[in-house]
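**Q** Structure in structure tokens, see below.
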Amino acid sequence: MKARCLIAIALTLSLSSPIRAEQFACSRSKIALQLLGSGGPISDDARASSGAIVWIDGKARLLIDAGGGTFLRYGESGARLEDLDFIGISHFHTDHVTDLPAILKGAFFVSTKHSVTLVGPTGNSNFPSMTQFFDRTFGSANGGGGSFQYLSGLRNASDGLQLEVHPNDVDVTSPTQTLVYKGDGVTIYAFGIPHGDVPCLAYRIETPEGVLVLSADQNGSRKEFVDFARGADILMMPAAIDDDADEQSRFLHAPPTTIGQIAATANPKMLVLDHFMGRSIIDKDKNIEVIKQSYHGPVYAGRDLSCFPLGNVPGDKK
Ligand SMILES: [Zn+2]
């Protein structure tokens, strides 16, 4: 029943006005996943880069990734910083994180102080850790000399900023999932996924209404990911490349055949695709057919602001 409701709502929304209808459905849902950006790092496709919010009881409490363009979509979605409890950053490619400072700058205009948990991966020789990124971006003159040191008050909700942001690193090499947030009925785990040589995390969000697993970029070679994703109501995966992509692209991203195999094994109630770019937009329908050869549940190609409620929208008749 729950899966049928998910399908019905997603189909209805695809026929409706893209912003108003989806904002309405998401903000009235008990739990809902809403994409902010459905694109990748290319700017010519009218899609924002990666990012998503999770609505819980009418509040957008969780933000996962904040690539370019998500600042605008965040406002269009109706999300409010007053409601934000958790930010998970998957990795430090520009299309997953560049709008984070722009979104957090809004903390100047929030009416009441509250704290936000900020989680990201450990670093390596080419990429910072979450805490290093935070210091290099928001560190004060005495504490890292960050690029936006005028926002250093984010660390302790000072200088007129109303958010107290607590950055944390999660070891991407850990063989098991890491508990990163627990509060008000929501439990979130992070797990390292293989994205070439880029430290990268997937997130599993468990709620009384169901489970969301959001995979960022990965090549699909870490077998334990299917255990991390197993039992999800919604699994979101990036559809970045085609099956005939070159070796370098496959080092970074999973082709449709691999996505289909992962989904077939993890067996979510539905699969949502994001991170469309270049050929993966042109060949979208063909790639979905490839995925469906292995995975037989519903597959949705996400658009910016697409809304996927869990369970029933209040007022929706069973
Ligand atoms: Zn990436």
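**Q** Along the Cα→Cβ direction, 7 angstrom out, place labels at residue 142 and residue 243. What is the inter-label distance in nm?
**A** Distance between the two pseudo-spin positions: 6.1 nm.
**Q** Fewest to most neighbouring Cβ within 10 Å: what's the order for 93, 195, 166? Each step should come with its number before you reach the end.
**A** Details: 93 22, 195 25, 166 15.
The fewest-first ordering by Cβ neighbours comes to 166, 93, 195.
**Q** Express in % the proportion of alpha carbon pairs of the stretch 204-257 at distances exceeding 17 Å.
**A** 41
**Q** Which of 110, 272, 211 ends up with the largest GNM mean-square fluctuation for the chain, with Cα atoms connected below 10 Å?
**A** It is 110.
**Q** What distance in nm separates the two pseudo spin-label positions at residue 94 and residue 265, each 7 Å out from Cα along the beta-carbon direction?
**A** Once both label points are built, they end up 3.4 nm from each other.
**Q** Further question: Could you list, in their original order, any pairs among 223/292; 59/284; 59/292; 30/284; 182/269 whose Cα atoms are separated by more than 22 Å? Present the calculation step by step, with values, prior to reporting the outcome.
**A** On the way: 223/292 20 Å; 59/284 32 Å; 59/292 33 Å; 30/284 31 Å; 182/269 24 Å.
In this structure, 59/284; 59/292; 30/284; 182/269 exceed 22 Å between Cα atoms.
**Q** Which length gain, in nm to one decimal place, applies between residue 174 and residue 28 when the Cα-Cα distance is subtracted from 0.36 nm times their residue separation? If you can, show how the numbers build up before the last one.
**A** Numbers: separation 146, 0.36 × 146 = 52.56 nm, distance 3.70 nm.
Length gained, residue 174 through residue 28: 48.9 nm.
**Q** Let me ask something else. Cut-off 11 Å, label point 7 angstrom out along Cα-to-Cβ of residue 166: give me the residues of the stretch 94-126 whose amide nitrogen falls inside.
**A** Residues passing the 11 Å test: 115-118.
**Q** Please go through the stretch 221-316 and write out the trypsin sites (Lys or Arg not before Pro) that DSSP classes as loop and that have at most 11 other C-beta atoms within 10 Å.
**A** Hits after loop and neighbour filter: 223.
**Q** Any idea what diffusion coefficient the chain gets from Stokes-Einstein, in µm²/s, Kirkwood Rh on alpha carbon pairs, 4 °C, 1.567 mPa s? Walk me through the numbers on the way to the answer.
**A** Values: Rh = 19.4 Å.
My calculation gives 67 µm²/s for D.
**Q** Does a label point 7 Å from the Cα of residue 150, set along Cα-to-beta-carbon, have any residues of the stretch 106-144 with amide nitrogen under 13 Å, and which are they?
**A** The answer is 106, 108.
**Q** Provide the gained length on full extension for the span residue 44 to residue 105, in nm with one decimal, where the gain is 0.36 nm per separating residue minus the Cα-Cα distance. Write out the running numbers ahead of the final one.
**A** Details: separation 61, 0.36 × 61 = 21.96 nm, distance 2.64 nm.
Once the chain is fully extended between residue 44 and residue 105, it gains 19.3 nm.
**Q** With the crude spin-label approximation of a point 7 Å out along Cα→Cβ, what separation in nm comes out for residue 158 versus residue 294?
**A** Going from the residue 158 label point to the residue 294 one covers 5.1 nm.
**Q** Please list 3J(HN,Hα) in residue order for the stretch 268-273, calculated via the Karplus relation 6.51 cos²θ - 1.76 cosθ + 1.60 where θ = phi - 60°; whole Hz, with x for glycine and proline.
**A** x, 5, 8, 10, 10, 9
**Q** Out of every Cα-Cα pair in the stretch 131-181, what percent are more than 18 Å apart? Present the calculation step by step, with values, prior to reporting the outcome.
**A** Numbers: 497 of 1275 pairs.
Cα-Cα pairs in the stretch 131-181 separated by more than 18 Å: 39 percent.
Since every read-out is calculated from the coordinates, none of them should be taken as a lab result. Fair warning: this is a prediction, and the values are worked out from it, not measured in the lab. Backbone-built Cβ (ideal geometry, glycine too); neighbour counts: all protein chains shown.
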